[in-house]
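K.L.:
Input: one structure, supplied below.
The values are calculated or read from the model by the stated rules, or taken from the named source; none is laboratory data. In this text, all values refer to a predicted model and were calculated from it rather than measured experimentally. Every residue, glycine among them, receives a Cβ derived from its backbone with ideal geometry; neighbour counts consider all protein chains shown.
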């Protein structure tokens, strides 16, 4: 019976070590901002899921398009119904890697994040600078980047083309906690 | 001993399988299946003549201008009805996402109308789906045209008519929505003694989207006990909705002149299939008076 005890103990220990390799958030923040001469449009999503594997530096992010909140309710409806077609493409996802992840420290906390962004069913390679804060209780990623609306085949009708920017600024802030 | 060894080897390998599990799969597992409101059953608050189940979101003031011209079969002399125009102006304010108050005035019989519209149930999908939306409409109208002899001047209450309506709708898919509208109308005054004071009508409506911003709508009201003194016809209308941001344009062909429930459901006399068709339009402009956050 002793062997079993040892095995069980070893397994518990082993598993707890393994679990520390991943960091997750379900309440990440992503916003986008469109500036035009006519109006500024901003939408926030506070229900972004993101997970980091600290061994490989790999990262996966996903969010529901319908969780983006606008100041104007009608805009939010049009965003989902007419522009990103949330009923057909409910999620935006990112899958990629934080370069030189293990080499990052408090002094050297900036790196590149590279990977593929999928929005409206269209896949696009992106790379952008990201700030990584590694703490005892979590990992925080912060940054922003620009995307072109046309890259994701989101059609903007001529009548509102002055209201919506061709390039959208995306800002993210993700506070990951250890994943058990 | 051999069994323990096998078992422990297997269990020891387990975490490695877990490690190998990709991050996307973990996110899928972690993502909660939320319940979402099905939005956009109809483009606007009007299907054609009558209401749709939609209400405006909190803080939106909607200005509606509606026109119904004369009968198309009135010939060139009347420019196919365009010489004759009936108009309704309406201001509609959404106190919250589910409750709208409105005031309107129609040139036809110089009628004022006020209504309250409350959305009780939303169609939901996701974790806990719900199959349909339900909205209630209560409206009162006052006819102010002086079509009486001076000695027969009606009192305020004699000029009033009330409408109660349940709007039940389901968005079947992105392109097809259906609506059912049981309606009750009470007249304080009726044209002739044989006419009923209370009427019940059943309405049916649909929206078929032909592109992201354009749809074809149809609406039909079947009146179960119409006025006896009138050559009454059930109200039928077809139209095209064009949506451009904050505006909605609705082009309408129908056999009714009136743009309020009490009018088109009970007082329509045009025979649609004999060409008694009125061209018309609704233009809606929504202003966000209060921000949602």
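K.L.:
So which residues in the stretch B:163-174 are surrounded by 13 or more Cβ atoms within 10 Å (Cβ to Cβ) and free of Cβ contacts under 8 Å to residues at least 40 places away in the same chain, if there are any at all? Talk me through it step by step, then tell me what you get.
P.N.:
Residues of the stretch B:163-174 that are surrounded by 13 or more Cβ atoms within 10 Å (Cβ to Cβ), as a first pass: B:163-171, B:174.
Listed by number, the residues that qualify are B:164, B:166, B:174.
K.L.:
Looking at (1) buried (at least 19 other Cβ atoms within 10 Å of the Cβ); (2) within 17 Å of the chain's Cα centre (by Cα), which is the only condition residue B:81 fails?
P.N.:
Only one criterion is unmet by residue B:81, namely (2).
K.L.:
In the stretch B:110-132, what residues are farther than 29 Å from residue B:178 by Cβ and either within 14 Å of chain A (Cβ to nearest Cβ) or surrounded by fewer than 19 Cβ atoms within 10 Å (Cβ to Cβ) (or both)?
P.N.:
B:110, B:112 - these are the residues of the stretch B:110-132 that are farther than 29 Å from residue B:178 by Cβ and either within 14 Å of chain A (Cβ to nearest Cβ) or surrounded by fewer than 19 Cβ atoms within 10 Å (Cβ to Cβ) (or both).
K.L.:
Within the stretch B:1-27, which residues are loosely packed, with under 13 Cβ neighbours inside 10 Å and modelled with pLDDT of 85 or more?
P.N.:
Answer for the stretch B:1-27, where residues must be loosely packed, with under 13 Cβ neighbours inside 10 Å and modelled with pLDDT of 85 or more: just B:25.
K.L.:
Tell me which residues, restricted to the stretch A:127-159, are surrounded by fewer than 16 Cβ atoms within 10 Å (Cβ to Cβ) and within 25 Å of residue B:242 (Cβ to Cβ).
P.N.:
A:150, A:153, A:155, A:157, A:158, A:159
K.L.:
Output yes when any residue across the stretch A:85-101 is away from every other protein chain (no Cβ under 14 Å), surrounded by fewer than 19 Cβ atoms within 10 Å (Cβ to Cβ) and more than 13 Å from the chain's Cα centre (by Cα), and no when none is. So that I can check it myself, show each step before the final result.
P.N.:
First, the residues of the stretch A:85-101 that are away from every other protein chain (no Cβ under 14 Å): A:99-100.
Going one step further and asking which of them are surrounded by fewer than 19 Cβ atoms within 10 Å (Cβ to Cβ), we end up with A:99-100.
Checking the rest, the ones that are also more than 13 Å from the chain's Cα centre (by Cα) come to A:99-100.
Yes, the conditions are met somewhere in the stretch A:85-101.
K.L.:
Continuing with the same structure: For the stretch A:102-124, state whether one or more residues are at negative phi, within 11 Å of another protein chain (Cβ to nearest Cβ), modelled with pLDDT of 90 or more and over 13 Å from the mean Cα position of the chain (by Cα).
P.N.:
The answer is no, given that none of the residues of the stretch A:102-124 is at negative phi, within 11 Å of another protein chain (Cβ to nearest Cβ), modelled with pLDDT of 90 or more and over 13 Å from the mean Cα position of the chain (by Cα).
K.L.:
Residues of the stretch A:155-167 being within 11 Å of chain B (Cβ to nearest Cβ), touching a strand residue (DSSP E or B) at 6+ places or on another chain (Cβ under 9 Å) and at pLDDT 85 or above, which ones?
P.N.:
Within the stretch A:155-167, A:163, A:164 qualify.
K.L.:
Based on this model, can you work out whether residue A:81 counts as surrounded by fewer than 20 Cβ atoms within 10 Å (Cβ to Cβ) and more than 8 Å from every other protein chain (Cβ to nearest Cβ)? Show your work before the answer.
P.N.:
Working: surrounded by fewer than 20 Cβ atoms within 10 Å (Cβ to Cβ): yes; more than 8 Å from every other protein chain (Cβ to nearest Cβ): no.
No, not satisfied.
K.L.:
Would you point out the residue of the stretch B:28-49, among those that are more than 7 Å from chain A (Cβ to nearest Cβ) and either in contact with a helix residue (DSSP H, G or I) (Cβ under 6 Å, 6 or more places away or on another chain) or not in a loop (DSSP other than H, G, I, E, B) (or both), that is surrounded by the fewest Cβ atoms within 10 Å (Cβ to Cβ)?
P.N.:
B:29
K.L.:
Related question: If you take the residues of the stretch B:65-78 that are surrounded by fewer than 22 Cβ atoms within 10 Å (Cβ to Cβ) and within 21 Å of the chain's Cα centre (by Cα), which of them is nearest to residue B:137 (Cα to Cα)?
P.N.:
So the residue we want is B:65.
K.L.:
Now, a different point. Answer yes or no as to whether residue B:135 is crowded, with 18+ Cβ neighbours inside 10 Å and farther than 30 Å from residue B:36 by Cβ.
P.N.:
On the way: crowded, with 18+ Cβ neighbours inside 10 Å: yes; farther than 30 Å from residue B:36 by Cβ: no.
No, not satisfied.
K.L.:
For residues that are out of contact with any helix residue (DSSP H, G or I) (no Cβ under 6 Å at 6 or more places or on another chain) and more than 9 Å from every other protein chain (Cβ to nearest Cβ), scanning just the stretch A:57-78, find the one that is farthest from residue A:157 (Cα to Cα).
P.N.:
A:63
K.L.:
Considering (1) away from chain B (no Cβ under 13 Å); (2) over 25 Å from residue A:88 (Cβ atoms); (3) not in a strand (DSSP E or B), say which one residue A:131 fails and leave the rest.
P.N.:
Residue A:131 satisfies all of (1) away from chain B (no Cβ under 13 Å); (2) over 25 Å from residue A:88 (Cβ atoms); (3) not in a strand (DSSP E or B) except (3).
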